[in-house]
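The values are calculated or read from the model by the stated rules, or taken from the named source; none is laboratory data. All figures in this text were calculated on a predicted structure; none of them were measured in a lab. Here Cβ is always computed from backbone atoms with ideal geometry, including for glycine, and neighbour counts include all displayed protein chains.
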Amino acid sequence: MINILNRSLVIALLLSVTAFSYAQKVTYDDWKNLTTSGKLPAECKLQRSNNNLDLVKFKGRYYLAFRTAPTHFASKKSVMYIVSSVDLDTWKYETEIAPQRDLREPKFAVYHDTLNLYYFTAGTSLFSFDPQQLLVCRTGGNGWTKPESVNLDGFVPWRVRERKDTLYLSAYYGKNLYNNKHQSNLRLFYSTDAMTWKPISSDPQVDILSAEEGEFIFDKSGKLYATVRLEGTGALVCSADASSLYNWKKVRIKSKFDSALLFAHNDEIYLVSRRNLDGDIDKVKNRTNEKQGRARNLIRYSITRKVTSLYKLNKQDLTMSLVTDFPSTGDNAFAGISKLDDNNYVLMNYSSDIHGKKKNWIRGQLGKTYLYWTKLHFGE
């Protein structure tokens, strides 16, 4: 009897391991360079650095927004282009935004019969991060409105998602982010008209020093899952019940998820983000001061190598498991994704030349970067 039970246990274990491994099977096609393909409209005047993108499907067309500038850093020459395509091959010029100052973080949101694009403007100094206005422009599919302020000056948008006919926006206050005057204030806002935004609670969802890039998503039950970048010290992985979206449970880790994008496949949550090949950003084991070693961590982080990676979220303990690294080097990771069918997605990202010499992050930020895309496949 014991042997039979043992054999049954072994068989059950093997079946569960096989099922888990099978569910984890993810493949992707060769990555294609959109910026050198000749497929972008002639109106798109590309500069050396092409990054900060988002992708969405709206009324049968794929819409892509991206930033182009002399380098990764702030410049008055920065331009944001919006293009669209029916087949991901032939791209049509939609519009461009060129405010004679930096602009970043394009985030699409479809609401009712309108496609909204949120982004923020910044300064012109190469060496400062200076968020100004949070703006939106929109289209019904035939022409774009002029940018309008949503009255959240100083906030940086990170993600906009819909739940029960309400839009939710995660944004963090970015003024003085890299000095001791920063007032940490990462919040979830909500809107029922895509224009007027109110905080979901009086207190911020995260008020830890240098909290930014609050990526979030809802599962089918309405529960919220999120990642938060802690610039210089690591990251948070968070969750909140559908009945209390304002109350985020937080698990702190020393790894950092840069430029995070969460997406769901069969109600499992996956993350695309930049991964530091040098390991944890914060290598101090017993830290008593939140600011201790932060500057040193940021310097070391800039001179180490990065790749764009795919992770899977464990909903129970809020940990991330590495699934695969994508071809990438130098300056990389600001992905956009759109579903093709039940098991396939189009995934876009940016990187330094994936076929060239491997670079550290700072060399990539000062050099050429390109827009790449692939088709992502999940095994049955």
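So for the stretch 137-150 (the condition being part of a strand (DSSP E or B) and farther than 23 Å from ARG101 by Cα), does at least one residue qualify?
Yes, the conditions are met somewhere in the stretch 137-150.
Restricting to the stretch 118-130, name every residue that is closer than 20 Å to GLU96 by Cα and either part of a loop (DSSP other than H, G, I, E, B) or out of contact with any strand residue (DSSP E or B) (no Cβ under 6 Å at 6 or more places or on another chain) (or both).
From the stretch 118-130, those closer than 20 Å to GLU96 by Cα are 118-124; that's our starting set.
Scanning the stretch 118-130 gives ALA122, GLY123, THR124.
Could you tell me how many of the residues in the stretch 191-211 are assigned to a strand (DSSP E or B) and buried (at least 20 other Cβ atoms within 10 Å of the Cβ)?
Matching residues across the stretch 191-211 total 2.
Here's the yes/no breakdown for (1) closer than 22 Å to ALA260 by Cα; (2) modelled with pLDDT of 95 or more; (3) surrounded by 21 or more Cβ atoms within 10 Å (Cβ to Cβ):
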residue	(1), (2), (3)
LEU14	no, no, no
GLY38	no, yes, no
ALA69	yes, yes, yes
PHE73	yes, yes, no
SER85	no, yes, no
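Suppose the filter is farther than 17 Å from THR196 by Cα, touching a residue at least 24 places away in the same chain (Cβ under 8 Å), part of a strand (DSSP E or B) and in contact with a Lys or Arg (Cβ under 7 Å, 6 or more places away or on another chain); does ARG67 pass it?
For ARG67, the condition - farther than 17 Å from THR196 by Cα, touching a residue at least 24 places away in the same chain (Cβ under 8 Å), part of a strand (DSSP E or B) and in contact with a Lys or Arg (Cβ under 7 Å, 6 or more places away or on another chain) - is met.
Does at least one position in the stretch 103-121 carry a residue that is touching a Gly at 6+ places or on another chain (Cβ under 9 Å), of a type in the set (S, T, N, Q) and buried (at least 22 other Cβ atoms within 10 Å of the Cβ)?
Checking the stretch 103-121: not a single residue is touching a Gly at 6+ places or on another chain (Cβ under 9 Å), of a type in the set (S, T, N, Q) and buried (at least 22 other Cβ atoms within 10 Å of the Cβ).
Going residue by residue through the stretch 135-151, is there one that turns out to be touching a residue at least 12 places away in the same chain (Cβ under 8 Å), closer than 30 Å to ALA295 by Cα and within 21 Å of the chain's Cα centre (by Cα)?
no
One residue is enough: does the stretch 53-60 have a residue meeting the conditions in a strand (DSSP E or B), in contact (Cβ under 8 Å) with a residue 60 or more places away in the chain and acidic (Asp, Glu)?
Yes, some residue in the stretch 53-60 is in a strand (DSSP E or B), in contact (Cβ under 8 Å) with a residue 60 or more places away in the chain and acidic (Asp, Glu).
Pairs, please: C-beta under 7 Å, at least 6 apart or cross-chain, first residue more than 20 Å from ARG61 (Cβ to Cβ) and part of a loop (DSSP other than H, G, I, E, B) and in the stretch 334-358, second modelled with pLDDT under 95 and among the charged types (D, E, K, R)?
Going by the 7 Å Cβ cut-off, the qualifying pairs are ASN343/GLU380.
Looking at (1) among the basic types (Lys, Arg); (2) modelled with pLDDT under 95; (3) surrounded by fewer than 15 Cβ atoms within 10 Å (Cβ to Cβ), find the lone condition where LYS175 falls short.
The one condition LYS175 does not meet is (3).
Conditions tested, residue by residue: (1) acidic (Asp, Glu); (2) under 17 Å from the mean Cα position of the chain (by Cα); (3) part of a strand (DSSP E or B); (4) surrounded by fewer than 20 Cβ atoms within 10 Å (Cβ to Cβ).
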residue: GLU215; (1), (2), (3), (4): yes, yes, yes, no
residue: SER221; (1), (2), (3), (4): no, no, no, yes
residue: ALA226; (1), (2), (3), (4): no, yes, yes, no
residue: GLY232; (1), (2), (3), (4): no, no, no, no
residue: SER244; (1), (2), (3), (4): no, no, no, yes
residue: LEU262; (1), (2), (3), (4): no, yes, yes, no
residue: ARG275; (1), (2), (3), (4): no, yes, yes, no
residue: ASP278; (1), (2), (3), (4): yes, no, no, yes
residue: LEU298; (1), (2), (3), (4): no, no, no, yes
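Identify all residues within the stretch 246-260 that are of a type in the set (A, V, I, L, M) and buried (at least 22 other Cβ atoms within 10 Å of the Cβ); write none if there are none.
Within the stretch 246-260, ALA260 is the sole residue that qualifies.
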